[in-house]
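Colleague: A single structure is presented below for examination.
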Amino acid sequence: MIKKSIPQEILFYLAVVFISLVVLFPFLWMLSSSFKTQTDIIAWPPKLIFSPTLHNYEKVFGEQDFLKYFINSTVVGGLAVGLSLVLGLPAAYSISRFTQRKLALFILLARLMPGISFLMPWYIIFSRLGLMDTYVALVLSHMLIALPIVVWIMSSYFNSIPVELEESAMVDGATRQYAFWAIILPMSGPGIITSVTLSFIFSWNNFMFSQVLSMEKTRTLPIAVYNFVSYAEVDWGGVMAAAVAIMAPAILLTMIFQKFVVKGLTMGAVKG
Amino acid sequence: MHQPSFVERHLRVIFPLPAILFIGLLMIFPILYTLALSFTSWNLTSGAPLRFVGLRNYEQILTEPRFLDAVMRTFGFTIFAVLIEAVLGTVVALILNRAFIGKSLAKLLLLLPLVATPVAVGIVFNLFYDPTIGLANFALSSLGLPQGLWISNAASVIPSLIVVDVWQWTPMITLIVLAGLAGLSEEPFEAARVDGATQWQVLRYVTIPMVMPTILTAVILRLIDALKTFDIIFAMTGGGPGYASETLNIMGFKYSFEYFRMGQASVILIALFFFVLLCSLGIMKLRASSEN
Amino acid sequence: MKKILTSTVVLMSSLCLSAGAYAQTKEIRVLLANHPYGELLKTAIPEFEKQSGIKVNFESLQEGQLTTKLTTEFATKSSSVDVFMTRPLQEGKMFNKNGWYEPLKAYDFSDYPKNVMSVAAAGATPFLVPLVTEWQVLYYRKDLFQAAGLQVPKTFAELEATAQKLNSDAVAGIASRGKGAAAVTQLSSYVYNYGGLYIDKGVAVFDQPAAIDAIRYYGKLLGTYGPKGVTSMSWENIMPLFQAGKVAMWTDASVFYGQIVDPAKTQIPAADVGIADLPAGPKAGSPFIVTSWGIAVANQSKNKEAALKFLDWASSKELATKGMLSNITMARTSVWKDPKVLEAVNPGLVATRAYAAEKGYPLDRPYMSAVGEARDQIGELIIESINTKGASTTLADMARAKAARVNDLLKDAGEYGQP
């Protein structure tokens, strides 16, 4: 590295602070609004100093039953990610070990295609089968988000595990599937964490599928937030508190698994 | 070595089969179903039975000004948003590409917009853009500038939406480019410095050409996602005012779930599918050529 | 591996089963709206279950989702819905045409105003029971009127003059919905007061001079004295402005009254909020008064007896009284004469309802199957008119094109030229 002069250093840190502020600003503003009363929110000029209230959060978790939507989102995301691992890990292994590039592209297609082009047929079919507003319909649709992420991340993760490991086990008489189960999978912790974190976050954030396929019973958080503008009432404070509540878990996961998330995102498997 | 069993001999089929079946059932079959519907008159509101109408839906939709506008708008939004994201994202990555105090914190901050729920982001920006009580106009007026109408005006709605998209997705380009920069070998830089190149020359003739493939991959990935942008537009404007922010995705959604014109909606969905497929083929070509 | 797969299949199918386990007699499925009356029914349902012995499985949905769900379930003939809340003006025509409503021949409709029944029946056959009614009113700020020495406007000319006098940088003179399709309902009363209609005898007539004049007036009013960005405003954007004291007058539906006088939600004291009849236009004083919600039995229902029992209960006078006491403006006539109710309900609501019930028009949007698309078409005219402050030179041509489009929609649905 070339030595930097002091003014250059100052300029550099100013730039870093500026970038951070631009990124953070909407979050900070959302957070502060969530502690304001309705009258403080619609006050002009906007109030920087106000007496904070927990009323909005009480409303979100008390009256609005957000806990239920929270559970729905968790169940749908958890099942979708779990089942995607069940389907995706062997597929990713096969892609990696047998260099099935066409298959990789086929599964990647699910990540690239616009969700709405399958949503309308799903809606009709699920309605016919009486599966609307069930976890089945939601989990299946969210699996289409999670599965490509799992396969994409895991196949390149398996690529980084030397093939000699299974081969030596197979020389000792183990079957290949046993070697996969007993040797490869236990070594795949970091890859699995990456794919689980990312696919869970994208399932958690999904709006379009849940908006159409879920109703009262299985409604997920993004839909609940969107519906917060209810009949004859708009409650900005409540909406902001709801927005905080929905983003918090994804942000928490990101903080815990920061390294994994960066890795997964920069590998190119982004956004469901 | 043991005798391979049936399962072991066919592992290359058995292992991926469930995933293939799943995607076939949940994705390929519905797409074919949509294709079939696009040739029918099916309209849920009319209660009339489904009838084969040949290419009539295609004629109607492809000559419909609202559709053509939506196509142009979809591409306009995508191209401008991704262009800005690519430039900003690369610049920020180049700035941050050095050791400094708080680097891992800065990288964490960059991740936050990427994992923020888009619908919630849209709603937060809605309050931000509100012409009367929003912060955007307050900022303008305290700087002595004329106030704007943001998403309330047909002329400014798309740029305002682009700002949101840029805020949310620029960090992704930054992170990818940062990862690309970290993977570069030191040798060309050493060589350039030995040759007495200035910082700017190193940047212009060594760094940028070397990370270009990474930037391109990131851009194409973003292009495909931006074409499909739905959540923030739906949550912020629903395609309005009028149809001023109606992209293909939103129009397809309206035709399917508000107008219930399944036949015509299918044509729109297929058009969107087609555009995304074209871009995807582009990315695959590029990947293939960069791998060879 | 295989084990995991089989257990997955078992898990999935058991999920299916638990979701599909309705049926048995004496059990009905009811779809309610996320509306205060839906909430009221929700809390009262256990009572009904106790006295009737019928088990009620209910879901409550946001209005757009409710329409979508009912439409797809009925159209794909996969419905298990027995009773549902319905929006007569939004979906009534289409549902009735497709035979999705069960005719209600035995129901006693004598307690409902005549003009209300026109959207609840086809000819002599009623198919839904009106629940909630709404009409257009003028909300205004008494304090601002007093300070400026102004009277409540009685005509459109006075309305415009008042808006002009009250309009300032800090406070918009008048607000009303400008957001395209969402504004169509609020524009309707203006059209009626100019002597026009959206659809007359199954033909789109909103390109006729009377309607055009109304659209111009609406555009001039909002374009000149309306809040900034009014073309993207529906009630959910205007109400906070009114609550923040940034709007002097607001024309919209009567349902919002409770919200804008609620001290927890508003910056202006309730005493400063006035409610008045919508001013009269050059031709008439005929605000919309509509049945915003009704309740009906599904034609596909297999438990019609139990379903009808629920319908009778849910639309009963007792529950209507309860509704009135929680500020829901009910459709039944008798509850508006009940002294106990009148004591609790705001006199402004009672007076404006009396005016609207006598002179009002029972529709607030194009009454047709493809109403969503028709609203989008008329919405474009509204936006054009507001953007040009009513002076658009192309408005008439645009209106002709849009009316032709709506006529095509009517023809597609076989409703063209039908009364």
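The values are calculated or read from the model by the stated rules, or taken from the named source; none is laboratory data. As the structure is a computational prediction, the values presented were derived from the model and not from experiment. Heads up, the Cβs are rebuilt from the backbone with ideal geometry, glycines too, and the neighbour counts pull from every protein chain shown.
Colleague: When you look at A:Ile19, is it within 14 Å of chain C (Cβ to nearest Cβ), surrounded by 12 or more Cβ atoms within 10 Å (Cβ to Cβ) and either touching a Pro at 6+ places or on another chain (Cβ under 6 Å) or within 30 Å of B:Arg193 (Cα to Cα) (or both), yes or no?
Modeller: Values: within 14 Å of chain C (Cβ to nearest Cβ): no; surrounded by 12 or more Cβ atoms within 10 Å (Cβ to Cβ): yes; either touching a Pro at 6+ places or on another chain (Cβ under 6 Å) or within 30 Å of B:Arg193 (Cα to Cα) (or both): yes.
No.
Colleague: While we're on this one: Read through the list (1) within 25 Å of C:Leu342 (Cβ to Cβ); (2) not assigned by TED's automatic domain parsing to the domain that holds C:Tyr139, then give the number of the only condition that C:Gln300 fails.
Modeller: (1)
Colleague: Restricting attention to the stretch C:89-112, which residues are out of contact with any strand residue (DSSP E or B) (no Cβ under 8 Å at 6 or more places or on another chain) and of a type in the set (S, T, N, Q)? Can you show your working first?
Modeller: The initial filter retains those residues of the stretch C:89-112 that are out of contact with any strand residue (DSSP E or B) (no Cβ under 8 Å at 6 or more places or on another chain), namely C:90-91, C:93-94, C:97-99, C:106, C:108, C:110-111.
The answer is C:Gln90, C:Asn98, C:Ser110.
Colleague: Filter the stretch A:207-227 down to the residues that are aromatic (Phe, Trp, Tyr) and either out of contact with any helix residue (DSSP H, G or I) (no Cβ under 8 Å at 6 or more places or on another chain) or more than 8 Å from every other protein chain (Cβ to nearest Cβ) (or both) and list them by number.
Modeller: Once the filter is applied, which keeps residues that are aromatic (Phe, Trp, Tyr) and either out of contact with any helix residue (DSSP H, G or I) (no Cβ under 8 Å at 6 or more places or on another chain) or more than 8 Å from every other protein chain (Cβ to nearest Cβ) (or both), the stretch A:207-227 yields only A:Phe209.
Colleague: Ok, one more. Could you please find all residues in the stretch A:211-255 being closer than 17 Å to A:Ser141 by Cα and either of a type in the set (Phe, Trp, Tyr) or at pLDDT 90 or above (or both)? Outline the logic, then answer.
Modeller: Let us first name the residues in the stretch A:211-255 that are closer than 17 Å to A:Ser141 by Cα, namely A:211-215, A:217-223.
Listed by number, the residues that qualify are A:Thr220, A:Leu221, A:Pro222.
Colleague: Here's a follow-up. With the stretch B:11-72 as the region, which helices (runs of 4 or more DSSP H) entirely inside it contain at least 2 residues that are of a type outside the set (Ser, Thr, Tyr), within 14 Å of chain C (Cβ to nearest Cβ) and more than 28 Å from A:Ile145 (Cα to Cα)?
Modeller: Passing ranges, in order: B:56-62.
Colleague: Looking for something in contact (Cβ under 8 Å) with a residue 60 or more places away in the chain, more than 30 Å from C:Gly99 (Cα to Cα) and surrounded by fewer than 20 Cβ atoms within 10 Å (Cβ to Cβ) - is there at least one such residue anywhere in the stretch B:90-105?
Modeller: yes
Colleague: Taking the stretch A:142-199 as the search range and keeping residues that are of a type in the set (Ser, Thr, Tyr) and under 26 Å from B:Ser5 (Cα atoms), which one is farthest from the other protein chains (Cβ to nearest Cβ)?
Modeller: If we take residues in the stretch A:142-199 being of a type in the set (Ser, Thr, Tyr) and under 26 Å from B:Ser5 (Cα atoms), then A:Ser188 is farthest from the other protein chains (Cβ to nearest Cβ).
Colleague: I've got another one for you. Mind checking whether some residue in the stretch A:43-61 is under 27 Å from the mean Cα position of the chain (by Cα), crowded, with 21+ Cβ neighbours inside 10 Å and in contact (Cβ under 8 Å) with a residue 12 or more places away in the chain? Don't jump to the end; show me each part of the working.
Modeller: Within the stretch A:43-61, the subset under 27 Å from the mean Cα position of the chain (by Cα) is A:56-61.
Now restrict to residues that are crowded, with 21+ Cβ neighbours inside 10 Å: A:56, A:60.
Remaining after also requiring in contact (Cβ under 8 Å) with a residue 12 or more places away in the chain: A:56, A:60.
Checked against the condition, which is being under 27 Å from the mean Cα position of the chain (by Cα), crowded, with 21+ Cβ neighbours inside 10 Å and in contact (Cβ under 8 Å) with a residue 12 or more places away in the chain, the stretch A:43-61 yields at least one hit.
Colleague: Taking the stretch A:108-119 only, how many residues are part of a helix (DSSP H, G or I), facing another protein chain (nearest Cβ under 7 Å) and touching a Phe, Trp or Tyr at 6+ places or on another chain (Cβ under 8 Å)?
Modeller: Final tally of qualifying residues: 2.
Colleague: One residue is enough: does the stretch A:69-80 have a residue meeting the conditions more than 13 Å from chain B (Cβ to nearest Cβ), surrounded by fewer than 22 Cβ atoms within 10 Å (Cβ to Cβ) and polar (S, T, N, Q)?
Modeller: yes
Colleague: State whether the residues of the stretch A:88-107 include one that is within 8 Å of another protein chain (Cβ to nearest Cβ) and not in a helix (DSSP H, G or I).
Modeller: For the stretch A:88-107, residues within 8 Å of another protein chain (Cβ to nearest Cβ) and not in a helix (DSSP H, G or I): present.
Colleague: Taking the options B:Leu44, B:Leu62, name whichever one is surrounded by fewer than 19 Cβ atoms within 10 Å (Cβ to Cβ), in contact (Cβ under 8 Å) with a residue 24 or more places away in the chain and either farther than 30 Å from A:Leu87 by Cα or within 26 Å of the chain's Cα centre (by Cα) (or both).
Modeller: Numbers: B:Leu44 fails: surrounded by fewer than 19 Cβ atoms within 10 Å (Cβ to Cβ).
On inspection, the qualifying residue turns out to be B:Leu62.
Colleague: Turning to a different aspect of this structure: Tell me which strands (runs of 3 or more DSSP E) are completely within the stretch C:46-161 and hold 1 or more residues being within 14 Å of chain B (Cβ to nearest Cβ) and among the aliphatic types (A, V, I, L, M), or say none if there are none. Outline the logic, then answer.
Modeller: Working: elements: C:55-61, C:83-86, C:129-141.
Output list reads C:55-61.
Rundown of residues vs (1) more than 8 Å from every other protein chain (Cβ to nearest Cβ); (2) of a type in the set (Lys, Arg); (3) in contact (Cβ under 8 Å) with a residue 40 or more places away in the chain, yes/no style:
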residue: B:Ile215; (1), (2), (3): yes, no, yes
residue: B:Ile224; (1), (2), (3): no, no, yes
residue: B:Ile233; (1), (2), (3): yes, no, yes
residue: B:Thr237; (1), (2), (3): no, no, yes
residue: B:Glu258; (1), (2), (3): no, no, no
residue: B:Met262; (1), (2), (3): no, no, yes
residue: B:Val276; (1), (2), (3): no, no, yes
residue: B:Ile283; (1), (2), (3): no, no, yes
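Colleague: Residues that are within 17 Å of C:Leu104 (Cβ to Cβ): list the strands (runs of 3 or more DSSP E) wholly contained in the stretch C:239-320 that include at least 3 such residues. Steps first, please.
Modeller: Numbers: elements: C:249-253, C:273-277, C:289-297.
Here the list reads C:289-297.
Colleague: Would you check if A:Pro186 is over 23 Å from the mean Cα position of the chain (by Cα) and modelled with pLDDT of 90 or more?
Modeller: Values: over 23 Å from the mean Cα position of the chain (by Cα): yes; modelled with pLDDT of 90 or more: yes.
When the stated conditions are applied, A:Pro186 passes them.
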